[in-house]
1. Classify the stretch A:254-362 from the C-alpha gyration tensor, please: rounded if a/c falls under 1.5, else prolate or oblate depending on whether a/b exceeds b/c.
2. Could you state the per residue volume, in Å³, of the convex hull enclosing the Cα atoms of the stretch A:68-209?
3. If I compute solvent accessible area with a 1.4 Å probe over the protein chains, what percent of it on the stretch A:130-194 is carbon and sulfur?
4. Specify the inter-centroid distance of the stretch A:234-274 and the stretch A:288-341, based on alpha-carbon positions, in whole Å.
5. Assuming a ≥ b ≥ c are the square roots of the Cα gyration tensor eigenvalues, decide whether the stretch A:4-104 counts as rounded (a/c under 1.5), prolate (otherwise, with a/b larger than b/c) or oblate.
6. If you roll a 1.4 Å probe over the stretch A:334-455 with all protein chains in place, what percent of the accessible area is carbon or sulfur?
7. In whole angstrom, how far apart do the alpha carbon centroids of the stretch A:198-233 and the stretch A:68-104 sit?
8. Using all alpha carbons of the stretch A:129-223, what is the percent of pairwise distances in each 10 Å bin, ordered from the shortest bin to the longest?
Amino acid sequence: MINIRFPDDSVRQFEPGISSLDIARSISPGLARQIYAATVNAEVRDLGRPVNEDADIVFHKWEDKEARDTFWHTSAHLMAYALEELYPGIKFGIGPAIENGFYYDVDTGEGVVISESDLPSIEKKMKELAGKNESVERTEISKSDAMKLFTDKGDEYKTELIEELEDGTISLYRLGKFTDLCRGPHLTDTGDIKAIKLLSVAGAYWRGDEKRKMMTRIYGITFPKQKMLDEYLVMLEEARKRDHRKIGRELELFSFSPRVGMGLPLWLPRGADLRQRLIDFLTAELKRRGYSIVSTPHIGNVELYKTSGHYEKYGADSFRPMNTPQEGEQFMLKPMNCPHHCEVYNATQHSYKDLPVRMAEFGTVYRYEQHGELHGLTRVRSFTQDDAHHFCEPDQMKEEFKKIIDLVQWVFKSLGFNIYTAQISLRDPEDSEKYIGTDENWEKAQKAIIEAAGEKNLETTIVEGEAAFYGPKLDFMVKDAIGRQWQLGTIQVDYNLPERFDLNYTGADNQKHRPVMLHRAIFGSLERFVALLIESTAGKLPLWLSPDQVIILPISEKYHDYSKKVLNFLNNSDIRTLIDERSEKIGKKIRDNELKHIPYMLVIGENEENTQTVSVRKQGEGDKGVMKLQEFVEFFKLKEKEEFE
RNA sequence: GCCGAUGUAGCUCAGCUGGUCAGAGCAGCUGAUUUGUAAUCAGCAGGUCGGGGGUUCGAAUCCCUUCAUCGGCUCCA
C-alpha cells in the first residue's frame, strides 16, 4: 500500500498504481468531476497517470492555473487533431497553453493559407472530434524511437525539438488519430471540452527567430461550459471598449496624423492638459525627494553617441543622422537622455559629499521603431520619458535603489495602479562575456537590487539572462485592457557610461573615483503611461487629472448645504462649477456650449429615499448611475488627491 | 521588417456575386424649441469610397501596387 497525503495533511492508503482520478473519486465523485489535473509530489500530472509510490497530492479545479493549463493544452492538441484532419500534411511546431487559452504554430505547406475565415470550420471539426470523447493516451518513448516516428512523418519541427531533449524524458500523447510529442499533462479525455472558440490567426517565427520560417499561429480558447465562454467573450468585448485609442479619440486626448508621420503622437488640448498635470505632479514630488531638474536638447552630435556606444549598437535602428552646413558634422535626434546627462554631470566637479547626484528631465526621445511595432500610445517613435539618473558611490547603490522603489510605489499607488508586477533581470551566469563590467561589480549590483526589493516588500520575479549588457535592472510591468504586458517603470544599474564618459568624483581620500550610475523612469514614458492609465481606469481618470470636469450645483435651497459640502470637499481643484438656476438663459448656455466636450458631468441631487447623491454622467454615454458621496469619492479616487495636497 | 485581416463623410457603420451605390445614424452648421439628468423639430452642408495603376462599355465592388490601421511574430537603449 502507498500513503497519499492531502493538502489538509490527512493521509490515506491506496493500492499502488491507482490513478489520481480514482483517488479523487474515493473522496467524492463530485470532486472527481471538477478536477482536471493533480500535482503529485510537486509534479503536475495527468489524472489518469498511476501513482506508484507514497505521495503528496493536490487536485486542481478550474480555479487553479494548473487545471486551466491542462485543459487548454489538451485543447491545443484537439485543434491540432482537427487541423490534421482538415489539412492533410500539415506540420506542427509547438502548441502550448497560455494565460487565456492556447495556440498552435503550424506549417500549412506551400500555397495553403489558413485565415480567420477558416476558423469556424476548424472549430466545427474540433467540436465534432471532442464530441467523440476520445481518451488521451500517454506513452513514454526512447529518443531514437521518437526521432524515427517524426522523421517518418516528415515533421522537421518536432524532430528539431526532440534533438534537444534528454533520452528517457520523452513522452507522446495520442488523441484519436493524432499523436504529438508532448510533456503533458493532459486531460484524460476530451469530453469536458464543451465550448470552443478560435480567436485569431497570426504569423509567428519558428522558435521566435526572425531568420527562420514564419509559421501560422492559431489562437483559441475553450471552456467546460458554454456559459463560461459566453462570459469570456463578453469580457473581451468590454475590454476592447477600454482601448486607450478609442477612449483617446472620444475624449479628444490625442491623435495621429499621417502627414505628421506615423508613431508621432499629437496631444490635443485636453490630452496635453492631462499630460502636463502628470508632469507637474511628479515634478513636485521629485523636488521633495532631492532631485534636480535639468534640461537638454533634442539632438546631439553623433560623437556623443559614439562615446556612449549607442551609435555602434543602435545607430542602425535610429532616425538617420542629419547633416549640417559644416562638412562632416552630423547630429542625431536623441534616442535616450543618458549621454546628455553624463555631460551634465561632467560640467561640474563632484565631491563624495555631494553624492548621490539625482538629475531628472522629462526628455523627449526619438526611436525608429519598426513599422509593425507601432501601437497607439504604447509604442511610438517620439515619446517623453520621465527620465532620471542617479550618480552615487558604490555603497550608496542599495539605498538609492530603495528610494526609487519607494517613489515608484508611491506614484503607482497615488494614481490607482494597484496591479503591477516587478521583474528583476540578472545577467546570464553562463555567459559573462556578453556583459560589460567586472564580476565583482555585477555581483554587488545584483545583490543590491534583490535586497532593496526585499526590504521594500516588493514582490518580484527574477529572470536570469535578461539584464542589459551594461547592468542588471528592475522593471515594473502593467497589463493593458486585453492583458498585454507593458513595461512602465524601470531602474537600471549602469557600469558602462561612467567609464565611457570618464565620470568621477573626489573621495575622502582625495582620489578620483568612479560613480555608479542608475537609470530610472517611473512612468516609463508619458505616452505609454497615459495609455495604461486610461485603460486601467476605463477613461475614468482620477478627478484631479481629468480636465474640464464640471459640477452642476442646484441652486434650490434644499440642496444648498450639500452642494457646499461637495464643493468644499473638492476644494480649489480645476473643476469648473456651474450653477444651474433652471433659468432659461443659463440652462441653454450649459446645454449648448458648455457640456458638449466635457468628459464627465457631476450632478448633485437626491434619490427616492431622500439621500443626497452625486450622479456621474459621461459624455455620450448618459447617466453612469447615481452614487452616494462615498462611492463618488471612491469612483474618482479623491482620497489620493487629499494626500497630494 | 514578416504573417493574416481591414481601409466608404469628423465618429459608428450599410452598400450581396461590377450597371440610379455614393447612403444612414450621431456629430457639425442655420433656425425654431427651454421640457431637470444623453440623444426635441425643421432645414443645410460633408466623401474624387486610403493613394496610384490596370481589367471592363461600365468598379466603392475584380486584379496589381503603395500607404495606413488592427491582431500577432521579431525587436525594444
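The values are calculated or read from the model by the stated rules, or taken from the named source; none is laboratory data. Every value quoted in this text rests on a predicted model; they were computed, and no experiment measured them. Note that we place each Cβ from the backbone using ideal geometry, even for glycine, and neighbour counts take in every protein chain shown. Ligands, DNA and RNA are excluded from the accessible area calculation, which covers all protein heavy atoms including side chains. Shrake-Rupley method; radii C 1.70, N 1.55, O 1.52, S 1.80 Å.
1. Details: a/c = 2.63, a/b = 1.05, b/c = 2.51.
Since a/c reaches 1.5 but b/c is at least a/b, the shape of the stretch A:254-362 is classed as oblate.
2. Per-residue hull volume (Cα only) is 111 Å³.
3. So the carbon and sulfur contribution to the accessible surface is 47 percent.
4. Using only Cα atoms, the two centres lie 29 Å from each other.
5. On the way: a/c = 2.66, a/b = 2.25, b/c = 1.18.
Prolate.
6. Details: 2360 of 5200 Å².
C and S fraction of accessible area: 46 percent.
7. Going from one Cα centre to the other spans 9 Å.
8. 14, 34, 39, 13, 0
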